[in-house]
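The values are calculated or read from the model by the stated rules, or taken from the named source; none is laboratory data. Please read all numbers here as calculations on a predicted model, not as lab measurements. With ideal geometry, Cβ positions are generated from the backbone for all residues, glycine too; neighbour counts draw on all protein chains shown.
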Amino acid sequence: SAPSQIARPALQGGTSILHLRFSCHKFNTFLKIHAPGFRLEPNKDLFDGLVDAVAKGCAENFLTALVGTIGEKSRNTTDPTEKKRLQDNVSHLKKFIEYVVALQDDTVVAIDHSETELLGGSALDSDFEFFDHDTLAGIFSLRIMTQDRMSAGKKVFFPIRILGRLFSTADRFHCDMFIRKGIIASDGSPLYFKRWFDSWVRGIVGRVVFHTAKGDFMLSEIEGLRIMRSTGSVWIVDKEQSRTIPLLSEGENGLQPMKAKSLKQIHLDHTERMEDLLIRLEPVLTVMRQITDNIKASVKGQTVTVKDRRRNEHKIELDDFRPGTLTLVSGWYCDNVDWNFIAPLLSLVRVELDYIAAATRLTAMSSTDNLKKH
């Protein structure tokens with residue numbers, strides 16, 4: 001099921017929402033509805049850090065790493081029954097990742113005392129939501145890390161889900177391989193791909209531009225963002241002077257007051273469409289093209305069966321490369337990747353990702369304006 005199709009728990013106020021939503025009880029409730037074949041108790045030790053991961057805005061990364069852990073156990077076992085159980089666990093975890101991503105954007109961060117003074121106490125009203133800088137950075141990072149793209153003609157993929165998962169898996173399970181192959185830093189230390197990737201994403205997110213009545217601000221320059229749900233009014237709070245400034249969105253008639261009743265209604269708009277950017281940079285994306293060609297060759301003729309909300313089964317051809325299948329392609333490819341092939345490319349592709357980051361310009365825009373633009 002797509003994240004938007006999965007039933008969500010009712011929204012509750014206060015900082016304890018993170019702990020309530022992602023407690024063992026909540027997870028068990030989700031499993032009974034959407035993944036009845038998976039049981040938490042035999043795997044309880046795997047989820048000890050989940051609440052902290054949610055609080056830090058990296059729950060998807062945490063769970064993706066667990067997919068890798070269980071997948072590795074599945075590959076190493078010779079017991080057919082155990083292998084089937086572990087493979088089922090991987091499938092259920094992938095469903096839960098969608099559930100987590102769907103909820104992450106709805107995180108309500110408690111407003112601290114200083115913000116209460118700044119906003120004259122009105123922010124205590126249940127009509128307001130406040131997202132501090134770190135929460136915004138975490139949510140926007142998740143959006144970037146799940147937005148796979150491809151150039152027109154599908155010559156070059158931007159398989160960000162695949163790369164993120166491979167970087168994480170490389171550090172967790174293949175560090176010795178990289179050292180043996182001499183794929184190390186200049187001082188002889190491991191490359192720590194996941195650390196590099198997280199920094200790469202944060203760099204893009206920190207440059208997200210917010211148009212306001214007082215000029216443009218980057219995410220790195222604001223303390224947070226406030227939304228009034230009843231009116232859809234949105235403000236940023238700048239770091240330097242702690243001013244509450246109305247947010248603007250670029251529509252058909254120029255800059256107008258931003259209207260958004262939830263954070264999901266604030267999109268990150270690419271100044272240059274990602275598809276066009278990939279075409280423009282294609283001559284220097286030689287490693288990305290190698291990875292693209294390997295993805296195409298690996299999934300050619302492969303199909304997966306998925307179930308909709310009514311439990312009806314549908315067969316999906318992975319080599320269609322339609323937007324709706326990219327997530328499935330990501331999961332299948334990472335589970336079956338040839339590490340002897342991909343290991344040398346992971347270090348090299350970082351240079352090309354830097355080219356892409358340098359060319360990426362993101363601006364906060366209302367979902368209404370963004371949909372009209374595209």
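Please verify whether Val304 is more than 24 Å from His270 (Cβ to Cβ), modelled with pLDDT of 85 or more, of a type in the set (Val, Ile, Thr) and buried (at least 16 other Cβ atoms within 10 Å of the Cβ), treating the condition exactly as stated. Full working, then the answer.
Details: more than 24 Å from His270 (Cβ to Cβ): yes; modelled with pLDDT of 85 or more: no; of a type in the set (Val, Ile, Thr): yes; buried (at least 16 other Cβ atoms within 10 Å of the Cβ): yes.
No; evaluated as a whole, the condition is false for this residue.
Of the strands (runs of 3 or more DSSP E) lying entirely inside region 156-247, the ones with 1 or more residues being among the polar types (S, T, N, Q) are found at 209-212, 233-238.
What do you reckon, is Leu166 modelled with pLDDT of 95 or more, within 15 Å of the chain's Cα centre (by Cα), among the aliphatic types (A, V, I, L, M) and over 30 Å from Glu240 (Cα atoms)? Outline the logic, then answer.
On the way: modelled with pLDDT of 95 or more: yes; within 15 Å of the chain's Cα centre (by Cα): yes; among the aliphatic types (A, V, I, L, M): yes; over 30 Å from Glu240 (Cα atoms): yes.
In short, yes.
Between Glu317, Glu352, Glu252, the distinction of being out of contact with any Leu (no Cβ under 9 Å at 6 or more places or on another chain) and either modelled with pLDDT of 95 or more or in the same structural domain as Phe167 (by TED's automatic domain parsing) (or both) belongs to Glu317 only.
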